[in-house]
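Right, one structure below, let's go through it.
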Amino acid sequence: MTEKILIVEDEAALQEALAYNLKREGYQVEVAGDGLTALELARSLHPDIILLDIMLPGMDGFEVCRTLRKEMSTPVLMLTARDDEIDRVVGLEVGADDYLTKPFSMRELMARVKAMLRRVRLIREEISAASPEPEAPKLMKFDNLTINLTRHEVRLNDQPIPMKPKEYELLVYLANHRGMVLTRDSLLEKLWGWDYVGDSRTVDVHIRWLREKIEADPQKPQRIITVRGAGYRFEG
């Protein structure tokens, strides 16, 4: 099945260049020049990934990404005209999966797109291979915390906890390695891929989000422990 990519970029020349090169690679491409149109297309097309510019007329890319994350888990590659750390941090905060600073080469963009699509395919294959029986869900229980692997659902005190895709993947990976010290680099490589160009602060941001959701006191975590100079350990 042809993979679908949504390009959200208001600069006509760049939009055209991106669309042309992605179509040459065999992808189905749709384009939007503003945030509201992007949301409408994302909801109707269900693209495999979204290339999202930050500086857009009306609704900016941060707000578009924040809205998308409430509705879908589609990977988002943010495009920024600046190399400011604040742009990258805010992009991660609102749920972006990766970022690329302009100007960039088409070769680098294609490498990022292909890497993201590979991860999407792997996740889909793992879910398909598992094919658990609906009447017998696979559960991981840690006191008042339950991870339902069948439904991709996390509950605390039997109340559902909303999670972004990477938060869920990180929690499941930590839980599967309960009691083991996992380095930031190993988590980054396993969950974001060896070709991800971000740094280990990405892991720290996601750990902080998890703690805010599953710890009784995020400032004094009992479930996800920081091992100074090493990484993190999940205690359950």
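Taking the conditions exactly as written (surrounded by 13 or more Cβ atoms within 10 Å (Cβ to Cβ), in contact with a His (Cβ under 7 Å, 6 or more places away or on another chain) and not hydrophobic (A, V, I, L, M, F, W, C)), does E215 satisfy them or not? Taking the combined requirement at face value, the residue does not satisfy it. For L51, the test of being at negative phi, part of a helix (DSSP H, G or I) and of a type outside the set (K, R) is failed.
All of the numbers you see were taken from the coordinates with simple rules; none came from a lab. In this text the structure is predicted, and so the values were computed from the model without any measurement. Cβ sites come from the backbone with ideal geometry, for glycine too, and all protein chains shown count toward neighbours.
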